[in-house]
1. Exactly one of these conditions fails for PHE426: (1) open to solvent by less than 10 Å² (accessible area, probe 1.4 Å); (2) modelled with pLDDT under 80; (3) in contact with a Phe, Trp or Tyr (Cβ under 6 Å, 6 or more places away or on another chain); (4) closer than 22 Å to ALA452 by Cα. Give me its number.
2. Any idea which residue in region 434-455 is farthest from GLN379 (Cα to Cα), counting only those that are of a type in the set (S, T, N, Q) and in a loop (DSSP other than H, G, I, E, B)?
3. Restricting to region 399-433, what's the tally of residues that are farther than 27 Å from ALA447 by Cβ, in a helix (DSSP H, G or I) and hydrophobic (A, V, I, L, M, F, W, C)?
4. Considering only region 226-254, state which residues are among the acidic types (Asp, Glu) and either within 27 Å of SER409 (Cβ to Cβ) or modelled with pLDDT under 90 (or both).
5. When region 274-293 is examined, which residues are found to be buried (at least 16 other Cβ atoms within 10 Å of the Cβ) and not in a helix (DSSP H, G or I)?
6. Only residues that are closer than 21 Å to SER164 by Cβ and either assigned to a loop (DSSP other than H, G, I, E, B) or not aliphatic (A, V, I, L, M) (or both): list them for region 386-398, please.
7. Among the residues of region 347-356, what is the count of those that are of a type outside the set (Lys, Arg), under 21 Å from MET317 (Cβ atoms) and at pLDDT below 80?
8. I need the full set of residues from region 456-474 which are outside any strand (DSSP E or B) and either under 14 Å from the mean Cα position of the chain (by Cα) or modelled with pLDDT under 90 (or both), in order please.
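The values are calculated or read from the model by the stated rules, or taken from the named source; none is laboratory data. Because the structure is predicted, anything quoted here is derived from the model rather than measured. Glycine gets a Cβ as well: all are built from the backbone with ideal geometry, and neighbour counts include every protein chain shown. We work out accessible area using only protein heavy atoms, side chains counted, and drop any ligands, DNA or RNA first. Shrake-Rupley method; radii C 1.70, N 1.55, O 1.52, S 1.80 Å.
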Amino acid sequence: MAQQVFNVTPPGKLTRRQRKELRQQIARLRQARDGQNTADRDVRFPAAAAGPLGPGVSTGEYWNWMQLAQPPHQATSHNLAGIYPFVADDGLGHDGPLLGVDLNADVLWHFSPWDLYMNTTAKAALSTNILVIGAYRSGKSGTIKQLCTRSLAFGHQVVVPSDSKGEWVIVAEAVGGQVIAIGGENTTARLNPLDRGPRQTGVSDDVDEIMVRDRRRATLTSVIEATIQGQAKLSPMEHTAINWALEHAITVTHDRPTITHVWQALVSPDQSAPGYRPEMASNGERARHVLERFVAGDLQGLFEGESTVAFDPDAPMVVVDTSALFDRSELAAQLTQICTSSWIQAVISDRSAKRTRYLVREEGWRDMATEQALRTYQQWLKLSRHYGVSNIVILHKMSDFDAVGEEGSKERTLAYSIAGDMENKFIFRQNTQEEHNLTARLKLSPAHARLALTLQSGVFLAYVGRFSYIVDAFATSTQWERDLFSTDEAVEAGSASDQPAPTLVPESDEPLFDESALDRLWPTGDPQLVQQIGHRE
């Protein structure tokens with residue numbers, strides 16, 4: 001019905017009675033116009049007009065075929081804003097590679113940690129690092145490989161310091177990257193974790209020397225403490241002996257020290273060298289035995305000498321394949337990851353390169369074996385944006401950090417603190433027992449923690465800055481990507497569908513079954529006999 005507007009202007013001087021009568025007259029006119037005087041809760045749409053279509057087609061008035069039976073919904077403005085159907089988030093914009101579909105807004109979800117860090121809106125991220133947590137077969141590895149591979153077209157380099165499972169090797173080979181295999185039977189590649197690395201730009205020579213010396217000391221201390229884990233920590237006297245041996249190795253090698261040179265300085269110290277004291281021979285005994293594993297023990301031929309390979313800065317992807325070493329022991333795996341990570345950090349710590357890199361840390365908790373390693377790790381995470389690096393730390397669950405230190409120890413507290421400080425988080429499907437850790441350790445809301453228990457493969461809960469999203473990464477993947485990023489080859493190769501069907505033909509002339517025994521168990525032909533056996537059973 002078309003709206004009709006009229007104004008009533010009363011005379012200037014009216015008595016109270018006259019004004020009352022005028023209001024009553026206006027009320028009668030309104031009642032006559034509406035046809036009936038109804039309360040707000042009883043308001044209905046006007047009755048259907050005569051004819052099959054009603055007068056609205058020709059007059060432009062409202063019309064309907066039937067009266068609305070459901071009364072209007074009443075709610076507060078706060079609740080109505082939550083259910084309003086035409087409001088949806090616009091995602092993170094279109095900067096960076098496409099990673100998936102935002103299931104809440106039904107829009108394409110692009111992600112680039114560097115673009116988000118430079119963003120000046122409320123959706124900016126304060127860090128370029130990413131924490132990835134997901135149970136087995138939750139799709140986390142395929143998603144990260146998808147992100148890294150698609151980022152190559154944007155000029156970003158991908159570096160994997162320790163590929164413990166060999167999953168990144170085929171990806172690097174597919175994109176024309178560099179693969180450095182160590183520990184295998186047919187390789188002689190060796191990495192020196194004490195490499196100096198490129199000259200730091202923008203700092204003085206003294207500051208550059210201090211940074212290199214601190215990194216070398218931290219690497220040596222991390223390796224030694226990881227080996228003696230569970231025993232007494234290094235004493236101040238032992239630290240003094242180790243630092244002296246390192247300085248002596250730097251001097252005699254003209255700033256090209258190796259673990260072998262440090263070990264030799266501890267085994268046969270030069271008593272005439274500056275800073276030497278007689279007690280250093282006994283103080284460096286434990287460190288000498290630890291480093292001997294690299295020189296003449298189970299880790300020989302890997303990290304004790306100068307590097308025999310060079311990092312290719314122009315390669316789209318660089319992968320250090322350590323899968324041959326991770327079958328030896330958990331300690332060997334930790335030492336390998338510390339050494340390879342230190343070597344990678346030394347060669348990519350160059351601001352003058354003007355290169356942005358993803359640094360993918362598979363089994364990221366292994367980089368946090370000791371307090372010294374944790375301190376180094378924390379410092380590197382803080383400097384990552386300084387060097388244009390985005391660290392991707394991949395874990396299965398938050399309780400992986402329980403392998404770091406004892407319950408309530410400083411190491412474990414620091415490890416959980418590092419994980420919590422990483423602002424960008426990708427949470428894939430978690431097991432039920434991890435619900436408490438998600439709320440207590442990562443400060444997820446109870447609703448999001450419960451949601452993480454039911455996510456499908458490839459779907460993850462993304463925390464970017466102050467906002468959260470539910471993203472389906474596999475919705476945009478191609479068949480080429482799915483085949484390349486699959487991590488279930490071993491399972492699929494051993495599946496029942498791939499195994500030869502068992503044959504029922506005996507290799508000998510003996511029958512497979514005793515027919516008389518089969519007839520006794522399953523008689524046929526005589527209904528009475530069948531009934532008698534059934535009663536006995």
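1. Result: PHE426 passes all but (2).
2. Residues of region 434-455 of a type in the set (S, T, N, Q): 437, 439, 445, 454.
Those still in the list that are in a loop (DSSP other than H, G, I, E, B) too: 445, 454.
Numbers: SER445: 29, THR454: 35 Å.
If we take residues in region 434-455 being of a type in the set (S, T, N, Q) and in a loop (DSSP other than H, G, I, E, B), then THR454 is farthest from GLN379 (Cα to Cα).
3. Matching residues across region 399-433 total 2.
4. Going through region 226-254, the residues among the acidic types (Asp, Glu) turn out to be 238, 247.
Listed by number, the list holds a single entry, GLU238.
5. So in region 274-293, the residues buried (at least 16 other Cβ atoms within 10 Å of the Cβ) come out as 276, 280-281, 283-284, 286-288, 290-293.
Matches in region 274-293: TYR276, GLY284.
6. Taking region 386-398 and keeping what is closer than 21 Å to SER164 by Cβ, we get 389-398.
Within region 386-398, SER390, ASN391, HIS396, LYS397 qualify.
7. Of region 347-356, the ones of a type outside the set (Lys, Arg) are 347-350, 352-353, 356.
Those left that are additionally under 21 Å from MET317 (Cβ atoms): 347-350, 353, 356.
Checking the rest, the ones that are also at pLDDT below 80 come to 349-350, 353.
Result for region 347-356: 3.
8. Filtering region 456-474 down to residues outside any strand (DSSP E or B) leaves 456-458, 465-466, 473-474.
Within region 456-474, SER457, GLY458, GLY465, ARG466, ALA473 qualify.
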